[in-house]
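The values are calculated or read from the model by the stated rules, or taken from the named source; none is laboratory data. Owing to the predicted nature of the structure, the values given are computational and were not obtained by experimental measurement. For neighbour counting, all protein chains shown are included, and Cβ atoms are generated from backbone atoms with ideal geometry for every residue, glycine included.
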2 protein chains.
Amino acid sequence: MSVGIIGLGTVGTGVVKILLKKRKELERKLGFPLVIGKIADIDIKRKRAIALPENIFVTDGLGVIDDPSIDIVVELIGGIHPAKEYILKAIKKGKHVITANKALLASEGFDIFEAAQKNNVELGFEAAVAGGIPIIKIIREALIGNKIQAIYGIINGTSNYILTEMTEEGVDFSTALKEAQALGYAEADPTLDVEGIDAAHKLALLASLSFGTLFSLKEIYTEGITKITPLDINFASEFGYKIKLLAIAKQINNDIELRVHPTMLPKEYLISSVNGVFNAVYVEGDAIGPALYYGKGAGEMPTGSAVVSDIVDIARNIKTGAVNRIQGMGIQGKSGIRIKKMEDVQSCYYFRFSVFDKPGVLSKISGILGGHNISIKSVIQKERKKERVVPLVMMTHRAKEKDVVYAMKEINKLPVVSGKPLYIRVEGGEE
Amino acid sequence: MSVGIIGLGTVGTGVVKILLKKRKELERKLGFPLVIGKIADIDIKRKRAIALPENIFVTDGLGVIDDPSIDIVVELIGGIHPAKEYILKAIKKGKHVITANKALLASEGFDIFEAAQKNNVELGFEAAVAGGIPIIKIIREALIGNKIQAIYGIINGTSNYILTEMTEEGVDFSTALKEAQALGYAEADPTLDVEGIDAAHKLALLASLSFGTLFSLKEIYTEGITKITPLDINFASEFGYKIKLLAIAKQINNDIELRVHPTMLPKEYLISSVNGVFNAVYVEGDAIGPALYYGKGAGEMPTGSAVVSDIVDIARNIKTGAVNRIQGMGIQGKSGIRIKKMEDVQSCYYFRFSVFDKPGVLSKISGILGGHNISIKSVIQKERKKERVVPLVMMTHRAKEKDVVYAMKEINKLPVVSGKPLYIRVEGGEE
């Protein structure tokens, strides 16, 4: 059984390390050896640390795909092009494909899953979501007797690291981001991570698997963590909450809510204690009830481990003639599921207004909120220094997103309000 | 694909409910229907709530096993006999078997796994450990690229419920136990649960899977929670710890530590927040690093879901001709692994002595501890009421179990000590 790898970066190196180090153990468990047949990387010179014969290295992905001895092609170069072309070409050649490329699957997944189905090859993507957590296998196989009712995921390690640092050290977003970059937890351009886009990619995959309909990125409401301040984290704490970037998929009747945004969660929830670069996925199934899976979200060895688990599964299927014993995405046509518009989503909210501390401010703001059917649960107003801008903070009962958006616009126009109001959605607690 | 069920109790009913309710959905995912062919139960009269044709009910397990149309036999009667005979008979008839019977597998597993291998049938036991957590599939398939270094499990819901009640309500063991019994979380005879035996059964299975050697119950040091008092829980809290009944499997070089006992864990650990009847398994793999899987440990639907996941896996293998694509236990002969004797285990300890509050007591006790190479980290001595018995509490640095046992015996003989000293092992923290 021969494996070809395109892209010998962090994850690729992890895969090679595991396959080499566990060679005997894997052969003992499988009954046959797993061989690394070919590795493609642009820069094959610097990879000499890995003890492999020189002739297995090539500089072009096609060198892997066109090698007739390769059974399984592992795509680890990331990005849309040429990853998509490589994958489609490998599929057309009848090769099984494994990829960690969430961006590609979330945006161009339909073509790829369809091609794999048509050519009767397998497509493994365990490594695409929360590397160290086998969430794809869990949802697809272990929870098959369940209707998935809700998923709440901390599935972007960079954002979770930044929010954890802001919470524990009291630093602001840009300081925490710089720290994350220095530690290699954030890219030089952190947009994909801190704007919630990476989490949305992963949510698209989890929701597609869970609800049997292929969702695309465009359908997911996405908001990042860049506007969160230490002030909000402190107020959240006073109210008994923590702030996490949460990827949420909830089924309510035939509607699905799909959204990624900073979320206030009761401190005592298990998921609220998931800190640093760790990931966690909370799943509610109609049979198992609540469950939580926790582990590292990324990195050479955790994500490498996910790829190896896909390699073993596919190799076993090839060997026993059971290819596609489980459907890639398990999706068969439209299931009548609709995505709820964000404006119709209901939630409890945290509001922070910056107001001039004059008499009557609270009454004006609460009047506008009441006019939009938003009912206030509690209020904190601190630092009463006359005529200065102070934060006015509120927690609401359940309200409609649309009403909140309109109320915020109206409040923003008040002369006593300085700067744009901030709001954070709240999950759990009273509801 | 026809499924036969022996034992229509709590779990059996859950399995039937899922198979009936999800019939169409499962057929869509599998490409073929799953049919309930026969159900055996002693009392088939009271089961009429389930809408199934009368002629599928029989009163004897053999009625299921001998039915030639049945492909998969699900054993859910529990206990050793006649469960073992039923399973072996089904295997010999070439039926695939699924069981939730941890007691049987942990004590007579060798015969059963061997028979399954010899007859080339599958043996599913996902439901035997932590029903709502797919820990068997995770360890066997998802973590196949990992060397498992440690497992720490809260895998007995009854004990965890009792300890949680003692912690949160301050009640003593027997009050909490009665409450658990009233709620159906504990049996009339709670021995298996509160003495750690059920957790040891499950640990034997997890360790066998993880380390590739079949361990039996006798090899596991087992201690229950009956001696824990609210006083210990409060002292633990003062030191920053919680008390949990933990099933521990740790590999250190070629030695395995296998033990079940009350354990003090730092409060801030994720697993310390696992409360009530919930289960959690913390796993450390050399590739994925630390991971935690959390969910319900038992109950009709969670355990039913685990059985259904086994049914689907086996049905897929039968359909694609890939039976035993994964080995039942994955065990091939002895692997040179030894179980460390409990007396050689090292740990930090919590000691509670009941002493007459006289001058010199601390010096006497700490002298004996020092003489046995046990070094004290901190001491709490409260309620100084002369001549009365007061608790004297200590936390130690790392020490050897053997030394602790000898020191306790010696201290127990001191005239100033009243009643047997209590000690609880500590995991994590300073170490």
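Residues to consider are A:Lys400, A:Lys382; find the one that is outside the structural domain of A:Leu258 (by TED's automatic domain parsing), of a type outside the set (Val, Ile, Thr) and touching a residue at least 24 places away in the same chain (Cβ under 8 Å). Reasoning before the result, please.
Numbers: A:Lys382 fails: touching a residue at least 24 places away in the same chain (Cβ under 8 Å).
So the residue among A:Lys400, A:Lys382 that is outside the structural domain of A:Leu258 (by TED's automatic domain parsing), of a type outside the set (Val, Ile, Thr) and touching a residue at least 24 places away in the same chain (Cβ under 8 Å) is A:Lys400.
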- Out of curiosity, is A:Thr164 assigned to a helix (DSSP H, G or I), surrounded by fewer than 23 Cβ atoms within 10 Å (Cβ to Cβ) and either of a type in the set (Ser, Thr, Tyr) or away from chain B (no Cβ under 14 Å) (or both)? yes
- Query: Within region B:47-77, how many residues turn out to be of a type in the set (Lys, Arg) and either over 31 Å from the mean Cα position of the chain (by Cα) or modelled with pLDDT of 95 or more (or both)?
  - Reply: 1
- So which residues in region B:248-267 are modelled with pLDDT of 95 or more, over 22 Å from B:Gly157 (Cβ atoms) and surrounded by fewer than 19 Cβ atoms within 10 Å (Cβ to Cβ), if there are any at all? B:Pro266
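What number of residues in region A:75-99 are out of contact with any Asp or Glu (no Cβ under 8 Å at 6 or more places or on another chain) and in contact (Cβ under 8 Å) with a residue 60 or more places away in the chain?
Keep residues of region A:75-99 that are out of contact with any Asp or Glu (no Cβ under 8 Å at 6 or more places or on another chain), which gives A:75-79, A:81-82, A:85, A:89, A:91-92, A:94.
Those still in the list that are in contact (Cβ under 8 Å) with a residue 60 or more places away in the chain too: A:75-78.
Number of matching residues: 4.
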- Item | Contacts under 8 angstrom Cβ, first residue in region A:21-36 being closer than 23 Å to A:Asn55 by Cα, partner surrounded by fewer than 17 Cβ atoms within 10 Å (Cβ to Cβ) and β-branched (Val, Ile, Thr), 6 or more apart | none
- Query: Taking region B:129-146 as the region of interest, how many residues are closer than 28 Å to B:Ile80 by Cβ and either buried (at least 24 other Cβ atoms within 10 Å of the Cβ) or over 13 Å from the mean Cα position of the chain (by Cα) (or both)?
  - Reply: 11
- Scope region B:241-275; condition hydrophobic (A, V, I, L, M, F, W, C) and closer than 26 Å to A:Ile271 by Cα; matching residues: B:Ile243, B:Leu245, B:Leu246, B:Ala247, B:Ile248, B:Ala249, B:Met264, B:Leu265, B:Leu270, B:Ile271, B:Val274
- Please work out which residue is surrounded by the most Cβ atoms within 10 Å (Cβ to Cβ), limiting yourself to region B:20-42 and to residues that are in a helix (DSSP H, G or I) and charged (D, E, K, R). B:Lys29
- Message: Among the numbered criteria (1) modelled with pLDDT of 95 or more; (2) out of contact with any Cys (no Cβ under 8 Å at 6 or more places or on another chain), which one does A:Arg338 miss?
- Response: (1)
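Yes/no matrix, rows are residues, columns are (1) touching a His at 6+ places or on another chain (Cβ under 7 Å); (2) of a type in the set (A, V, I, L, M, F, W, C); (3) within 26 Å of A:Ile220 (Cα to Cα):
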| position | (1), (2), (3) |
| --- | --- |
| A:Lys29 | no, no, no |
| A:Asp43 | no, no, no |
| A:Ile56 | no, yes, no |
| A:Pro68 | no, no, no |
| A:Ile77 | no, yes, yes |
| A:Leu104 | no, yes, yes |
| A:Asp111 | no, no, yes |
| A:Glu114 | no, no, yes |
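If I filter region B:63-70 for residues that are among the polar types (S, T, N, Q) and within 14 Å of another protein chain (Cβ to nearest Cβ), do I get at least one hit?
Within region B:63-70, none of the residues are among the polar types (S, T, N, Q) and within 14 Å of another protein chain (Cβ to nearest Cβ).
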- Do the conditions hold for B:Ile80, that is, is it β-branched (Val, Ile, Thr) and either at pLDDT below 95 or buried (at least 23 other Cβ atoms within 10 Å of the Cβ) (or both)? no
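Residue-by-condition table, conditions (1) surrounded by fewer than 24 Cβ atoms within 10 Å (Cβ to Cβ); (2) of a type outside the set (Asp, Glu); (3) in the same structural domain as B:Asn279 (by TED's automatic domain parsing):
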site: B:Gly63; (1), (2), (3): yes, yes, no
site: B:Glu75; (1), (2), (3): no, no, no
site: B:Ala103; (1), (2), (3): yes, yes, no
site: B:Ala115; (1), (2), (3): yes, yes, no
site: B:Lys118; (1), (2), (3): yes, yes, no
site: B:Ile148; (1), (2), (3): yes, yes, yes
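Of all residues in region B:127-184, how many are hydrophobic (A, V, I, L, M, F, W, C), under 30 Å from A:Val312 (Cβ atoms) and in contact (Cβ under 8 Å) with a residue 40 or more places away in the chain? First the steps, then the outcome.
Initially, region B:127-184 is screened for residues hydrophobic (A, V, I, L, M, F, W, C), giving B:127-130, B:133, B:135-136, B:138-139, B:142-144, B:148, B:150-151, B:154-155, B:162-163, B:166, B:171, B:173, B:176-177, B:180, B:182-183.
Filter again for under 30 Å from A:Val312 (Cβ atoms), leaving B:127-130, B:133, B:135-136, B:138-139, B:142-144, B:148, B:150-151, B:154-155.
Of the ones still in play, those that are also in contact (Cβ under 8 Å) with a residue 40 or more places away in the chain are B:127-130, B:133, B:135-136, B:138-139, B:143, B:148, B:150-151, B:154-155.
Residues meeting the conditions: 15.
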- Flagged in region A:229-267 as assigned to a loop (DSSP other than H, G, I, E, B) and either in contact (Cβ under 8 Å) with a residue 12 or more places away in the chain or of a type in the set (Ser, Thr, Tyr) (or both), in numbering order, are A:Thr229, A:Phe239, A:Gly240, A:Asn254, A:Lys267
- Residues that are over 25 Å from A:Gly12 (Cα atoms) and polar (S, T, N, Q), drawn from region A:128-172: A:Asn146, A:Gln149, A:Thr164, A:Thr167
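For (1) assigned to a helix (DSSP H, G or I); (2) touching a strand residue (DSSP E or B) at 6+ places or on another chain (Cβ under 7 Å); (3) within 14 Å of chain B (Cβ to nearest Cβ), each residue gets a yes or a no:
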| position | (1), (2), (3) |
| --- | --- |
| A:Leu104 | yes, no, no |
| A:Gln117 | yes, no, yes |
| A:Val121 | no, yes, no |
| A:Gly131 | no, yes, yes |
| A:Glu141 | yes, no, yes |
| A:Gln149 | no, yes, yes |
| A:Leu177 | yes, no, no |
- Taking the options A:Glu300, A:Glu343, A:Glu284, A:Glu268, name whichever one is away from chain B (no Cβ under 12 Å) and charged (D, E, K, R). A:Glu343
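Output the residue which, of all residues in region B:275-329 that are assigned to a loop (DSSP other than H, G, I, E, B) and modelled with pLDDT of 95 or more, is surrounded by the fewest Cβ atoms within 10 Å (Cβ to Cβ). Write out each step before concluding.
So the first thing to find is which residues in region B:275-329 are assigned to a loop (DSSP other than H, G, I, E, B), and the list is B:275-277, B:286-288, B:297-299, B:321-329.
Of the ones still in play, those that are also modelled with pLDDT of 95 or more are B:275-277, B:286-288.
Values: B:Asn275: 19, B:Gly276: 14, B:Val277: 21, B:Asp286: 16, B:Ala287: 28, B:Ile288: 27.
The selected residue is B:Gly276.
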- Just to be sure, is B:Ile98 within 14 Å of chain A (Cβ to nearest Cβ), under 25 Å from B:Ser216 (Cα atoms), touching a helix residue (DSSP H, G or I) at 6+ places or on another chain (Cβ under 9 Å) and crowded, with 16+ Cβ neighbours inside 10 Å? yes
